[in-house]
Amino acid sequence: MTTGTKLEPAPAAKPATKAAPSDGKPAGGHTSLFETVIRQFNKACDLINLDPNTRRILAKPTNEISVNFPVKMDDGRVEVFTGYRVQHNSARGPFKGGLRFHPSVDIDEVRALAAWMTWKTAIADIPFGGAKGGIQIDPAKYSKRELERITRRFTFALGDNIGPEYDIPAPDVNTNAQIMAWILDTYLSTMPPHTRQGYGHVVTGKPLVSGGSQGRDKATGQGVVYLLEEWARDQKKPLSEISYFVQGFGNVGSWTARILKPFGSKLLAVEDHTGAIFDEGGLDADEVADFARHHGGIKGYPKAKPVDHDTFLSTKADIFIPAALENQITARTAPMLNVKLVAEGGNGPTDWDGDGILQQRGIQLMPDILCNSGGVVVSYFEWLQNKRSEFWDLEEVDHKLKKRMTAAYRSVRDTAAQHKTDWRTAAYIVALNRLETVYKERGIFP
């Protein structure tokens with residue numbers, strides 16, 4: 001069903017107050033992600049007196065698609081799955097955003113993620129809008145053959161709600177290049193044979209042999225590191241003297257750590273869904289990533305000691321990089337942090353209350369819509385290469401990515417200083433100003 005309806009250097013951190021114990025799950029009960037988005041959105045709108053008509057448009061998604069589709073399992077049973085695609089805004093270009101396969105996927109989460117994509121593409125200044133989608137599923141419970149059938153059937157159910165010049169999916173949580181290849185093949189199979197070669201850019205994050213881009217697998221982590229280079233330069237402190245810890249050691253977290261390794265930055269602790277580890281002498285990011293890849297997580301890593309969730313969050317370091325799921329930094333967990341900077345590698349790791357506490361304590365925050373935008377930037381590069389029938393080498397991709405990320409960083413930093421506000425609000429201001437300009441120049445039909 002479709003319905004029209006998503007640094008200025010701060011003072012040193014103040015001592016943390018004692019926090020209640022945490023089990024590692026988002027504290028304080030369920031928080032509506034879209035409500036968080038709207039509160040952040042309204043704060044920025046009020047500060048810059050955003051045009052009220054533009055404000056009304058951006059407060060709601062353009063389209064929300066929900067599909068229920070049957071799939072035959074290996075044993076002959078039929079299961080019915082629910083999938084979503086929320087298309088928030090396309091004023092600056094085609095809808096763009098990932099697809100995630102996770103048990104927590106629901107319409108509120110997807111709606112919020114779609115809105116964040118709109119802001120993210122605007123901040124990165126690439127000609128895309130924002131969308132997001134996914135299936136409410138635990139992929140670990142299904143065989144590879146079942147996941148292929150689920151993916152293909154979901155793609156067929158979406159039909160012409162996606163398209164290379166309309167809405168371009170990409171990988172997200174629990175999806176990868178293989179999933180994108182299945183989506184591509186299914187979509188192309190629905191096109192007339194003589195036109196299929198012109199639709200290869202319907203998804204990004206594809207395998208290289210299917211039109212993917214060099215550097216796409218590491219793009220988000222690479223973007224995080226480019227921003228940390230800029231931040232360290234502003235702090236007049238080289239990355240070789242920086243210590244950090246990472247929550248979530250999947251694609252974003254592991255690549256960020258592995259790319260930071262040659263700089264000499266010290267990785268003190270890592271947490272994923274299996275547990276947390278710590279070593280005051282520093283962890284080898286490549287070794288930890290290799291262990292996690294072969295053992296399904298970091299639990300049992302022999303060269304570090306296991307620690308509980310509270311101890312992990314209390315790690316004293318320069319930077320904390322949350323690269324896991326949403327709502328990790330809350331009213332209960334924000335007081336535990338003992339860092340100078342939170343660099344949001346994941347989407348929505350800090351809720352509204354946690355944000356306020358970080359600001360009160362003088363902890364800088366590099367917001368997700370800036371910090372993890374490297375993935376969508378290189379997705380744009382892949383889309384562009386497919387349209388042009390080109391193939392760029394890794395050096396060219398990284399050079400172009402660094403240029404985009406550096407410009408975005410400086411734009412947000414300068415806006416924060418201009419408006420004397422926090423970086424998240426400044427990032428929203430950058431995005432909203434660019435979107436407002438489009439609506440003022442084009443007008444509203446009719």
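The values are calculated or read from the model by the stated rules, or taken from the named source; none is laboratory data. Predicted, not measured: the structure shown is a model, and the values here were computed from it. Here the Cβ is made from the backbone with ideal geometry for all residues, glycine too, and neighbour counts use every protein chain on show.
Numbers for the structure displayed
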{"quantity": "Members of region 196-223 found to be touching a strand residue (DSSP E or B) at 6+ places or on another chain (Cβ under 9 Å), crowded, with 23+ Cβ neighbours inside 10 Å and part of a helix (DSSP H, G or I), listed by number", "calculated": "VAL202"}
{"quantity": "One residue from THR175, THR155 being under 27 Å from LEU384 (Cβ atoms) and in a loop (DSSP other than H, G, I, E, B)", "calculated": "THR175"}
{"quantity": "Filtered residue count, region 338-350, keeping only those that are hydrophobic (A, V, I, L, M, F, W, C) and either surrounded by fewer than 18 Cβ atoms within 10 Å (Cβ to Cβ) or assigned to a loop (DSSP other than H, G, I, E, B) (or both)", "calculated": "1"}
{"quantity": "Identity of the residue in region 404-446, of a type in the set (Asp, Glu) and within 24 Å of ILE57 (Cα to Cα), that ends up surrounded by the most Cβ atoms within 10 Å (Cβ to Cβ)", "calculated": "GLU436"}
{"quantity": "Hits in region 116-142 - residues which are crowded, with 21+ Cβ neighbours inside 10 Å and either among the aromatic types (Phe, Trp, Tyr) or in contact with a Cys (Cβ under 6 Å, 6 or more places away or on another chain) (or both)", "calculated": "TRP116, TRP119, PHE128"}
{"quantity": "Given (1) among the charged types (D, E, K, R); (2) under 22 Å from the mean Cα position of the chain (by Cα); (3) at positive phi, index of the condition LYS420 fails", "calculated": "(2)"}
{"quantity": "Total residues in region 123-152, condition part of a helix (DSSP H, G or I) and either modelled with pLDDT under 95 or not charged (D, E, K, R) (or both)", "calculated": "7"}
{"quantity": "Top-ranked residue in region 185-210 [being under 22 Å from the mean Cα position of the chain (by Cα) and not charged (D, E, K, R); ranked as farthest from HIS399 (Cα to Cα)]", "calculated": "VAL202"}
{"quantity": "Contacts under 9 angstrom Cβ, first residue in region 209-220 being under 14 Å from LYS402 (Cα atoms) and basic (Lys, Arg), partner in a loop (DSSP other than H, G, I, E, B) and at pLDDT 95 or above, 6 or more apart", "calculated": "ARG216/THR204; ARG216/GLY205; ARG216/LYS206"}
{"quantity": "Extreme residue, farthest from the chain's Cα centre (by Cα), among residues of region 351-391 that are assigned to a loop (DSSP other than H, G, I, E, B) and among the hydrophobic types (A, V, I, L, M, F, W, C)", "calculated": "PHE391"}
